[in-house]
Amino acid sequence: MSTVRVRFAPSPTGYLHVGGARTALFNWLFARHHKGVFVLRIEDTDLARSTEQATQVILDALEYLGLDWDEGPNKDGDYGPYYQSQRLDIYKEYANKLMDLGRAYECYCTPEELDERRKEQIKAGFPTRYDQKCSELTDEEKAAFRAEGRVPTVRFKAEGDGETIVPDLIRGNVRFENTQVDDFVIFKSDGMPTYNFAVVVDDALMKITHVIRGEDHLSNTPKQIQIYQALGFDVPIFAHIPMILGSDKSLLSKRHGATSVMQFSEEGYMATAMVNYLSLLGWGYDDSQTIFSVPELIEKFSLERVSKNPAVFDLQKLEWMNGIYIRDLSLEEFYDIAVPFWQKAGFYPEEPNTEEKEYALRILAEIQNRIKFLVDVIDFAKYFFTDDYEYNEQVVESILDKPGIEDILEYIYDALESVPEFTEEHIKPLFKEGLEKFDVKMGGLIQPIRVALTGSNISPGIYDVLELLGKERVLDRIKRTLILMKERG
């Protein structure tokens, strides 16, 4: 078997969404499994919408996911350039070749004329298709059109009868009647190739052996196969993977929440969790196994296990999986990930000393099992580093504004002020006395203290919080909270 060569070919007209990322991942896994080549090609012929910024967003998203490419932007390769906008001469060469072979021709029909003929076809009850009006123009007729200022498109002369069979590794042989394919445009009047033409030329010249893409491209494939055959190119092996649906079983879109890969990154999803979850959207190895390391995915991935059925994007499952990957980090790994979040939030030094790092590691050990998203390391840790934290107003109203809470905090202040050692061993008996004194349950005593120390009702265990903050800061915060309560009346 020749070397497997696959490609991911996004259009830089926006962000890389979940569907595109899943397609890139399946191509990457297939290449790595077969020790093949993963090519990244940028399809930027839509000059009005393609931007360098959007291209960079795609590159950033692939790098975040760890999907390194072997050939493409910023990489050497024998089959470049890897930007379609830099390959226009190549497309013109092959369009001319098709015309020389009698398999393409110039079309001078205007958009208005085409629209009028479509309306006539609909009115007569016929299928809408190009009527080959320009397929047999003489040189004189072409010259006359040009004299009018008309700029031609180039149309491919499709097979008129028979059928085109798409051999698909996931769906088997898919048959299309050639009568469904009319003479379609392969070069637009603005000098740009159409998708169906450029993708064939690129895949053929880049020696792509397998085309793995979404099933929404399946209907394009008969047109592409006819171009392959007309140019004498080998037809690659196709695999059209299932679409991704939202929870309501409609196509996944922004209304279902985040769909941009980099948005997931910014919200604190680990790349390993994203890769694991995306791999399960349409593929599975064993119903009993959900968590896969990247090496396991590479080892086990095969197109034979990709489903024909649509995959449903379950955000709750992704959140659950992300929590598992966070908890699986070593403390040092967690520290390396958390520090940039803290520094961006402005409460952790750029060059921490040994004591500051040890303190940070103690904090991370307490919060690691409590967070779902990496970005949570900010809210769960900020109050350990700075006294400039805010009180959650709803929590203040539901906990601190209750009758008797001021008395509880004053008692706790006095008790903690006199404790000989600021450890759970010495603090716990004082809390027990407080339960009896105020006739409250543990939550009634602990929650006001937690709000006073953190501004929230969610934190690690109260004794851990007390020991990490230390006696002086704890007393200062309780005093600050009591002043706030008196001001609120």
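Distant-in-sequence amide contacts of GLY72, defined by a placed amide H-H separation under 5 Å and a gap of 5 or more residues or a different chain, comprise LEU40. Taking only protein heavy atoms and a 1.4 Å probe, the accessible area of the stretch 277-322 is 46% carbon and sulfur. Which pairs in the list LYS223/LYS308; LYS402/LYS486; LYS92/LYS133; LYS441/LYS479; LYS432/LYS486 are over 19 Å apart, alpha-carbon to alpha-carbon? Table pairs above 19 Å Cα-Cα are LYS223/LYS308; LYS92/LYS133; LYS441/LYS479; LYS432/LYS486.
Applying both filters, DSSP loop and at most 16 other Cβ atoms within 10 Å, to the trypsin sites (Lys or Arg not before Pro) of the stretch 174-249 gives LYS188, LYS207, LYS249. Accessible surface of the stretch 408-479, 1.4 Å probe: 49 percent of it comes from carbon and sulfur atoms. Using the 1.4 Å probe convention, the accessible area of the stretch 89-242 works out to 49 Å² per residue with neighbouring protein chains retained. Here is the short version for the chain: CYS109 have no other Cys C-beta closer than 4.7 Å. When the surface is traced with a 1.4 Å probe over the full set of protein chains, HIS426 keeps roughly 60 Å² accessible. Placing a pseudo-label 7 Å from each Cα along the Cα-to-Cβ vector at VAL419 and GLU177 gives an inter-label distance of 8.3 nm. Between the amide H of PHE187 and those of VAL154, THR194, distances stay under 5 Å, these residues lying 5 or more places away or on another chain, with hydrogens modeled in the peptide plane.
Between the Cα long axis of helix 424-438 and the first principal axis of the chain there is an angle of about 80°, rounded to the nearest 10. Which FRET efficiency value, to the nearest 0.05, do you get for LYS428 and PHE233 by plugging their Cβ-Cβ distance into 1/(1 + (r/R0)^6) with R0 = 56 Å? Efficiency at R0 = 56 Å is approximately 0.15. Dipole of the chain computed with +1 at Lys/Arg Cβ and -1 at Asp/Glu Cβ about the Cα centre; of ILE237, PHE347, ALA61, farthest Cα towards the positive end is ILE237.
Length available on full extension from GLU299 to ARG473: 0.36 nm per residue minus the Cα-Cα distance, which gives 57.4 nm. Principal-axis analysis of the Cα atoms of the chain puts helix 221-231 at an angle of about 50° to the longest axis. Potential lengthening of the chain between ASP46 and TYR463 amounts to 144.1 nm, from the contour at 0.36 nm per residue minus the alpha-carbon distance. Surface composition of the stretch 18-100: carbon plus sulfur atoms contribute 44% of the solvent-accessible area (1.4 Å probe, protein chains only, all chains present). GLU141 contributes about 80 Å² of solvent-accessible surface, heavy atoms of the protein only, 1.4 Å probe. Label point of GLU266 set 7 angstrom out along Cα-Cβ; within the stretch 317-342, amide nitrogens under 17 Å from it belong to 341-342. Each label was represented as a point 7 Å from its Cα along the Cα-to-Cβ direction; for SER398 and LEU88 these points are 6.1 nm apart.
Here each label is just a point 7 Å from Cα along the line to Cβ, and for ARG370 and SER307 those points are 3.7 nm apart. Here are some values of Kirkwood radius over Cα pairs in Å: [x] 27.4; [y] 26.0; [z] 24.9. Which one was computed from this structure? Read-out taken from this structure: [x]. Couplings for the stretch 108-119, taken from phi via the Karplus curve 6.51 cos²θ - 1.76 cosθ + 1.60 with θ = phi - 60°, read 9, 5, 7, x, 5, 5, 5, 5, 5, 5, 4, 4 Hz in order; Gly and Pro are left as x. Only protein heavy atoms count here; under a 1.4 Å probe, LYS142 has an accessible surface of about 60 Å².
Accessible surface calculations at 1.4 Å, restricted to protein heavy atoms, place the stretch 335-489 at 54 Å² per residue. Taking a point 7 Å out from the Cα of ILE165 in the direction of its Cβ, the residues of the stretch 201-227 whose backbone N falls within less than 18 Å of it are 221-227. Across the stretch 48-61, coupling constants 3J(HN,Hα) worked out from phi with the 6.51/-1.76/1.60 Karplus curve, θ = phi - 60°, read 6, 10, 6, 9, 5, 4, 5, 4, 5, 4, 5, 4, 4, 5 Hz, and Gly and Pro carry x. Taking amide H positions as modeled 1.01 Å from N, with prolines and chain starts lacking one, the residues under 5 Å from GLY214 and 5 or more places away or on another chain are ILE241. Accessible surface comparison of VAL451, VAL235, probe 1.4 Å, protein chains only, largest first: the order is VAL235, VAL451. Given their separation in residues at 0.36 nm each and the Cα-Cα distance between them, THR138 and TYR359 gain 71.2 nm when the chain is fully extended. The trypsin sites (Lys or Arg not before Pro) found in the stretch 1-73 that occupy coil by DSSP, while having at most 12 further C-beta atoms within 10 Å, are LYS35, ARG49.
The values are calculated or read from the model by the stated rules, or taken from the named source; none is laboratory data. The structure presented is a predicted model; accordingly, all values stated were derived computationally and were not measured. FYI the Cβ positions are ideal-geometry reconstructions off the backbone, even for glycines, and counts take in every protein chain you see. Areas reflect the complete protein model, heavy atoms only, side chains present, ligands, DNA and RNA absent. Shrake-Rupley method; radii C 1.70, N 1.55, O 1.52, S 1.80 Å.
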